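The values are calculated or read from the model by the stated rules, or taken from the named source; none is laboratory data. Keep in mind that what you see is a predicted model, and the values were worked out from it rather than measured. For neighbour counting, all protein chains shown are included, and Cβ atoms are generated from backbone atoms with ideal geometry for every residue, glycine included. For the accessible areas, the whole protein counts, side chains as well, though only heavy atoms, and no ligand, DNA or RNA atoms are used. Shrake-Rupley method; radii C 1.70, N 1.55, O 1.52, S 1.80 Å.
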Amino acid sequence: MRSREAGDADKKAEKPEPNRKDSGGTAKDTDEARQTSTARGEHVGIEEESLLEKVLNRANVLAAYQRVKTNGGAAGIDGMTVEELMPFCQKNWTQIRQELLDGTYRPQPVRKMDIPKPDGGTRTLGIPTVMDRMIQQALLQVLQPQWDPTFSEDSFGYRPGRSAQQAVVRAQQHIRAGNRWVVDLDLEKFFDRVNHDVLMARVARRVKDKRVLLLIRRYLQAGIMEGGLVSPRTEGTPQGGPLSPLLSNLLLDELDRELEKRGHCFVRYADDTNVYVRSEAAGKRVMGSVPQSRPWQRTMTRLEQG
(Lines give C-alpha, C1' and ligand atoms only; values in the text may rest on other atoms or scores of the structure.)
Protein backbone atom coordinates (compact mmCIF):
# COMPACT_ATOMS: atom_id res chain seq x y z
CA MET A 1 0.00 0.00 0.00
CA ARG A 2 2.91 2.34 0.73
CA SER A 3 4.55 2.00 -2.70
CA ARG A 4 4.41 5.02 -5.00
CA GLU A 5 2.63 5.13 -8.35
CA ALA A 6 4.12 3.08 -11.19
CA GLY A 7 5.24 6.23 -12.94
CA ASP A 8 7.58 7.04 -10.05
CA ALA A 9 9.39 3.69 -10.21
CA ASP A 10 12.19 4.78 -12.49
CA LYS A 11 12.77 8.00 -10.55
CA LYS A 12 13.26 6.03 -7.35
CA ALA A 13 15.30 3.15 -8.76
CA GLU A 14 18.48 4.57 -7.28
CA LYS A 15 16.77 5.51 -3.98
CA PRO A 16 15.84 2.19 -2.38
CA GLU A 17 12.84 2.70 -0.14
CA PRO A 18 12.74 0.35 2.82
CA ASN A 19 9.49 -1.41 3.54
CA ARG A 20 7.54 0.66 6.05
CA LYS A 21 6.86 -2.46 8.03
CA ASP A 22 10.59 -3.22 8.39
CA SER A 23 12.46 0.09 8.40
CA GLY A 24 13.54 2.18 11.31
CA GLY A 25 11.77 0.09 13.94
CA THR A 26 12.71 -2.12 16.87
CA ALA A 27 9.71 -4.49 17.00
CA LYS A 28 11.91 -7.31 18.25
CA ASP A 29 12.73 -5.35 21.38
CA THR A 30 10.76 -6.49 24.38
CA ASP A 31 9.91 -2.96 25.45
CA GLU A 32 8.41 -1.97 22.11
CA ALA A 33 6.60 -5.30 21.73
CA ARG A 34 4.93 -4.63 25.07
CA GLN A 35 4.06 -1.09 24.03
CA THR A 36 2.65 -2.34 20.72
CA SER A 37 0.44 -4.84 22.51
CA THR A 38 -0.75 -2.11 24.84
CA ALA A 39 -1.36 0.29 21.98
CA ARG A 40 -3.57 -2.23 20.24
CA GLY A 41 -5.64 -3.55 23.09
CA GLU A 42 -5.18 -2.13 26.57
CA HIS A 43 -7.69 0.51 27.65
CA VAL A 44 -6.78 2.89 30.43
CA GLY A 45 -9.68 5.30 30.45
CA ILE A 46 -11.40 7.47 27.86
CA GLU A 47 -9.50 10.63 28.74
CA GLU A 48 -6.10 8.95 28.55
CA GLU A 49 -6.92 7.13 25.32
CA SER A 50 -8.33 10.04 23.38
CA LEU A 51 -5.05 11.87 22.66
CA LEU A 52 -4.27 10.02 19.44
CA GLU A 53 -7.82 10.59 18.21
CA LYS A 54 -7.28 14.32 18.77
CA VAL A 55 -4.04 14.13 16.79
CA LEU A 56 -5.78 12.35 13.91
CA ASN A 57 -8.83 14.59 13.92
CA ARG A 58 -9.55 15.65 10.34
CA ALA A 59 -9.26 19.38 11.04
CA ASN A 60 -5.97 18.89 12.91
CA VAL A 61 -4.47 16.77 10.12
CA LEU A 62 -5.54 19.26 7.46
CA ALA A 63 -3.94 22.07 9.46
CA ALA A 64 -0.77 19.98 9.72
CA TYR A 65 -0.79 19.43 5.98
CA GLN A 66 -1.14 23.15 5.34
CA ARG A 67 1.82 23.89 7.62
CA VAL A 68 4.00 21.28 5.90
CA LYS A 69 2.96 22.66 2.51
CA THR A 70 3.75 26.23 3.60
CA ASN A 71 7.12 25.26 5.06
CA GLY A 72 8.10 23.36 1.92
CA GLY A 73 11.49 21.77 2.23
CA ALA A 74 13.33 18.87 0.66
CA ALA A 75 11.92 15.41 0.07
CA GLY A 76 12.74 12.53 2.37
CA ILE A 77 14.21 9.19 1.37
CA ASP A 78 11.11 8.20 -0.63
CA GLY A 79 11.47 11.18 -2.97
CA MET A 80 7.92 12.38 -2.34
CA THR A 81 7.59 16.16 -2.63
CA VAL A 82 5.24 18.45 -0.76
CA GLU A 83 3.22 18.88 -3.97
CA GLU A 84 2.69 15.11 -4.16
CA LEU A 85 1.56 14.71 -0.55
CA MET A 86 -2.13 15.57 -0.97
CA PRO A 87 -2.75 13.22 -3.93
CA PHE A 88 -0.98 10.47 -2.00
CA CYS A 89 -3.11 11.12 1.10
CA GLN A 90 -6.31 11.08 -0.92
CA LYS A 91 -5.51 7.51 -1.97
CA ASN A 92 -3.84 6.15 1.15
CA TRP A 93 -4.70 8.18 4.27
CA THR A 94 -7.51 5.88 5.43
CA GLN A 95 -5.12 2.95 5.75
CA ILE A 96 -2.30 5.06 7.21
CA ARG A 97 -4.68 6.43 9.83
CA GLN A 98 -5.78 2.93 10.77
CA GLU A 99 -2.17 1.82 11.14
CA LEU A 100 -1.56 4.77 13.46
CA LEU A 101 -4.59 3.81 15.55
CA ASP A 102 -3.55 0.14 15.61
CA GLY A 103 0.03 0.92 16.64
CA THR A 104 1.45 -0.73 13.51
CA TYR A 105 2.63 2.39 11.66
CA ARG A 106 6.39 2.66 11.26
CA PRO A 107 8.04 5.93 10.26
CA GLN A 108 10.58 5.79 7.49
CA PRO A 109 14.25 6.60 8.17
CA VAL A 110 15.25 10.23 7.87
CA ARG A 111 17.62 11.49 5.19
CA LYS A 112 20.89 12.82 6.56
CA MET A 113 21.91 16.31 5.49
CA ASP A 114 24.87 18.27 6.86
CA ILE A 115 24.68 22.05 6.68
CA PRO A 116 27.42 24.55 7.62
CA LYS A 117 27.16 26.42 10.93
CA PRO A 118 27.86 30.17 11.04
CA ASP A 119 30.68 29.68 13.54
CA GLY A 120 32.27 26.78 11.65
CA GLY A 121 31.64 23.05 11.56
CA THR A 122 28.42 21.46 10.44
CA ARG A 123 24.99 20.72 11.84
CA THR A 124 23.37 17.41 11.01
CA LEU A 125 19.75 17.53 9.91
CA GLY A 126 17.49 14.51 9.61
CA ILE A 127 14.92 15.12 6.89
CA PRO A 128 11.77 13.01 7.42
CA THR A 129 9.49 12.10 4.53
CA VAL A 130 6.71 14.61 3.92
CA MET A 131 4.19 12.09 5.27
CA ASP A 132 6.11 11.75 8.51
CA ARG A 133 6.52 15.52 8.70
CA MET A 134 2.75 15.87 8.48
CA ILE A 135 2.15 13.29 11.22
CA GLN A 136 4.78 14.90 13.46
CA GLN A 137 3.20 18.30 12.85
CA ALA A 138 -0.20 16.91 13.81
CA LEU A 139 1.32 15.60 17.06
CA LEU A 140 2.98 18.96 17.69
CA GLN A 141 -0.27 20.88 17.28
CA VAL A 142 -1.89 18.84 20.05
CA LEU A 143 1.06 18.47 22.43
CA GLN A 144 2.57 21.95 22.27
CA PRO A 145 -0.51 23.82 23.61
CA GLN A 146 -0.52 21.42 26.57
CA TRP A 147 3.20 21.47 27.35
CA ASP A 148 4.38 24.94 26.43
CA PRO A 149 2.53 26.86 29.21
CA THR A 150 4.38 24.71 31.76
CA PHE A 151 7.85 25.64 30.48
CA SER A 152 10.05 28.27 32.10
CA GLU A 153 9.48 31.95 31.42
CA ASP A 154 13.22 32.19 30.81
CA SER A 155 13.15 29.76 27.87
CA PHE A 156 12.75 31.40 24.47
CA GLY A 157 13.84 29.00 21.73
CA TYR A 158 11.36 27.21 19.46
CA ARG A 159 8.30 28.34 21.38
CA PRO A 160 5.18 30.02 19.97
CA GLY A 161 5.07 33.74 20.60
CA ARG A 162 8.72 33.84 21.69
CA SER A 163 11.80 34.93 19.79
CA ALA A 164 15.53 35.54 19.92
CA GLN A 165 14.81 39.27 20.18
CA GLN A 166 12.81 38.69 23.36
CA ALA A 167 15.69 36.63 24.76
CA VAL A 168 18.02 39.58 24.13
CA VAL A 169 15.63 41.95 25.93
CA ARG A 170 15.48 39.63 28.95
CA ALA A 171 19.28 39.38 29.00
CA GLN A 172 19.57 43.18 28.95
CA GLN A 173 17.22 43.38 31.92
CA HIS A 174 19.46 41.04 33.93
CA ILE A 175 22.54 43.08 33.00
CA ARG A 176 20.95 46.40 33.94
CA ALA A 177 20.08 44.86 37.31
CA GLY A 178 23.82 44.54 38.01
CA ASN A 179 24.48 40.98 36.83
CA ARG A 180 27.54 41.74 34.70
CA TRP A 181 29.22 38.33 34.80
CA VAL A 182 27.81 35.85 32.28
CA VAL A 183 28.29 32.10 32.38
CA ASP A 184 27.59 30.57 28.97
CA LEU A 185 26.49 26.93 29.15
CA ASP A 186 26.38 25.17 25.79
CA LEU A 187 25.47 21.49 25.73
CA GLU A 188 27.79 20.16 23.04
CA LYS A 189 26.03 18.20 20.28
CA PHE A 190 22.87 18.12 22.39
CA PHE A 191 20.56 17.03 19.57
CA ASP A 192 22.90 14.17 18.66
CA ARG A 193 23.19 12.79 22.19
CA VAL A 194 19.67 12.80 23.59
CA ASN A 195 19.10 9.62 25.58
CA HIS A 196 15.88 8.09 24.27
CA ASP A 197 14.93 6.36 27.52
CA VAL A 198 15.42 9.51 29.58
CA LEU A 199 13.43 11.57 27.09
CA MET A 200 10.59 9.04 26.89
CA ALA A 201 10.38 8.97 30.67
CA ARG A 202 9.79 12.74 30.58
CA VAL A 203 7.17 12.35 27.85
CA ALA A 204 5.41 9.57 29.77
CA ARG A 205 4.90 11.95 32.71
CA ARG A 206 2.68 14.05 30.44
CA VAL A 207 1.22 11.53 27.98
CA LYS A 208 -0.82 8.54 29.07
CA ASP A 209 -1.98 7.36 25.65
CA LYS A 210 0.31 4.37 25.05
CA ARG A 211 -0.18 4.64 21.29
CA VAL A 212 1.23 8.17 21.27
CA LEU A 213 4.19 7.09 23.40
CA LEU A 214 4.89 4.25 21.00
CA LEU A 215 4.69 6.53 17.97
CA ILE A 216 7.05 9.12 19.48
CA ARG A 217 9.57 6.41 20.40
CA ARG A 218 9.45 5.08 16.87
CA TYR A 219 10.15 8.54 15.51
CA LEU A 220 13.16 8.78 17.82
CA GLN A 221 14.42 5.36 16.76
CA ALA A 222 13.76 5.65 13.02
CA GLY A 223 17.04 5.07 11.22
CA ILE A 224 19.05 7.63 9.30
CA MET A 225 19.98 7.14 5.65
CA GLU A 226 23.32 8.28 4.24
CA GLY A 227 24.76 7.19 0.93
CA GLY A 228 21.93 4.75 0.35
CA LEU A 229 22.54 2.89 3.62
CA VAL A 230 20.28 3.02 6.68
CA SER A 231 21.89 3.12 10.12
CA PRO A 232 19.90 2.47 13.29
CA ARG A 233 19.61 5.32 15.79
CA THR A 234 19.96 4.57 19.48
CA GLU A 235 20.33 8.15 20.71
CA GLY A 236 19.72 11.69 19.54
CA THR A 237 16.85 13.53 17.92
CA PRO A 238 18.20 15.03 14.68
CA GLN A 239 16.98 18.52 13.86
CA GLY A 240 14.70 18.62 10.87
CA GLY A 241 11.41 17.17 12.09
CA PRO A 242 8.61 19.26 13.63
CA LEU A 243 8.67 17.38 16.94
CA SER A 244 12.39 17.73 17.66
CA PRO A 245 12.32 21.27 19.14
CA LEU A 246 9.40 20.49 21.47
CA LEU A 247 11.04 17.29 22.73
CA SER A 248 14.30 19.15 23.27
CA ASN A 249 12.58 21.87 25.29
CA LEU A 250 10.89 19.19 27.38
CA LEU A 251 14.23 17.60 28.22
CA LEU A 252 16.00 20.90 28.92
CA ASP A 253 13.15 22.14 31.10
CA GLU A 254 14.79 20.17 33.89
CA LEU A 255 17.83 22.46 33.67
CA ASP A 256 15.59 25.52 33.69
CA ARG A 257 13.84 24.35 36.84
CA GLU A 258 17.14 23.66 38.61
CA LEU A 259 18.42 27.15 37.77
CA GLU A 260 15.14 28.65 38.99
CA LYS A 261 15.37 26.61 42.20
CA ARG A 262 18.80 28.10 42.85
CA GLY A 263 17.49 31.60 42.23
CA HIS A 264 19.67 32.31 39.20
CA CYS A 265 18.94 34.93 36.55
CA PHE A 266 19.26 33.19 33.20
CA VAL A 267 18.11 33.06 29.60
CA ARG A 268 17.93 29.86 27.57
CA TYR A 269 17.54 29.67 23.82
CA ALA A 270 17.47 26.06 22.57
CA ASP A 271 20.59 24.35 23.97
CA ASP A 272 22.43 27.59 24.77
CA THR A 273 21.97 28.96 28.31
CA ASN A 274 23.37 32.18 29.77
CA VAL A 275 23.42 32.61 33.55
CA TYR A 276 23.87 36.19 34.84
CA VAL A 277 25.57 36.75 38.20
CA ARG A 278 27.05 39.71 40.10
CA SER A 279 30.60 38.49 40.70
CA GLU A 280 33.36 36.32 39.35
CA ALA A 281 33.17 34.10 42.41
CA ALA A 282 29.46 33.51 41.84
CA GLY A 283 30.18 32.67 38.21
CA LYS A 284 32.80 30.10 39.22
CA ARG A 285 30.30 28.50 41.58
CA VAL A 286 27.78 28.21 38.75
CA MET A 287 30.39 26.66 36.45
CA GLY A 288 31.37 24.16 39.11
CA SER A 289 27.80 23.21 39.95
CA VAL A 290 26.77 22.22 36.41
CA PRO A 291 26.35 18.42 36.27
CA GLN A 292 29.53 16.74 34.99
CA SER A 293 27.55 13.84 33.51
CA ARG A 294 26.88 15.85 30.33
CA PRO A 295 29.42 17.52 28.03
CA TRP A 296 28.64 21.15 28.89
CA GLN A 297 30.93 23.75 27.41
CA ARG A 298 31.41 26.44 30.06
CA THR A 299 32.73 29.93 29.50
CA MET A 300 32.55 33.02 31.70
CA THR A 301 32.70 36.62 30.55
CA ARG A 302 32.61 39.96 32.32
CA LEU A 303 30.54 42.56 30.50
CA GLU A 304 31.95 46.06 30.33
CA GLN A 305 30.01 49.04 31.59
CA GLY A 306 28.02 50.98 29.00
#### Entry: Checklist (1) within 19 Å of Leu51 (Cα to Cα); (2) out of contact with any Asp or Glu (no Cβ under 9 Å at 6 or more places or on another chain); (3) not in a loop (DSSP other than H, G, I, E, B) applied to Gly126, failing item
(1)
### Query
Within the stretch 114-155, can you find the residues that are of a type in the set (Ser, Thr, Tyr), more than 18 Å from Cys265 (Cα to Cα) and either open to solvent by less than 20 Å² (accessible area, probe 1.4 Å) or touching a Pro at 6+ places or on another chain (Cβ under 7 Å) (or both)?
Thr122, Thr124, Thr129
### Message
Please go through (1) on the phi < 0 side of the Ramachandran plot; (2) modelled with pLDDT of 50 or more; (3) of a type in the set (Gly, Ala, Ser) for Gly79 and return the number of the only condition it doesn't satisfy.
### Response
(1)
### Message
Regarding the stretch 156-172, can at least one residue be identified that is within 30 Å of Met225 (Cα to Cα), open to solvent by 30 Å² or more (accessible area, probe 1.4 Å) and at pLDDT below 95?
### Response
yes
### Query
How many of the residues in the stretch 129-158 are touching a residue at least 60 places away in the same chain (Cβ under 8 Å) and not in a helix (DSSP H, G or I)?
7
### Message
Pairs needed: first member in the stretch 195-218, farther than 16 Å from Ala138 by Cα; second member anywhere, among the hydroxyl-bearing types (Ser, Thr, Tyr) and part of a helix (DSSP H, G or I); C-beta distance under 6 Å; at least 6 residues apart or different chains.
### Response
Lys210/Thr38
### Query
Has the stretch 159-182 got at least one residue that is among the hydroxyl-bearing types (Ser, Thr, Tyr) and touching a residue at least 12 places away in the same chain (Cβ under 8 Å)?
no
#### Entry: Selection within the stretch 255-306 - of a type in the set (A, V, I, L, M, F, W, C), at pLDDT 90 or above and under 21 Å from Gly157 (Cα atoms)
Leu259, Cys265, Phe266, Val267, Val275
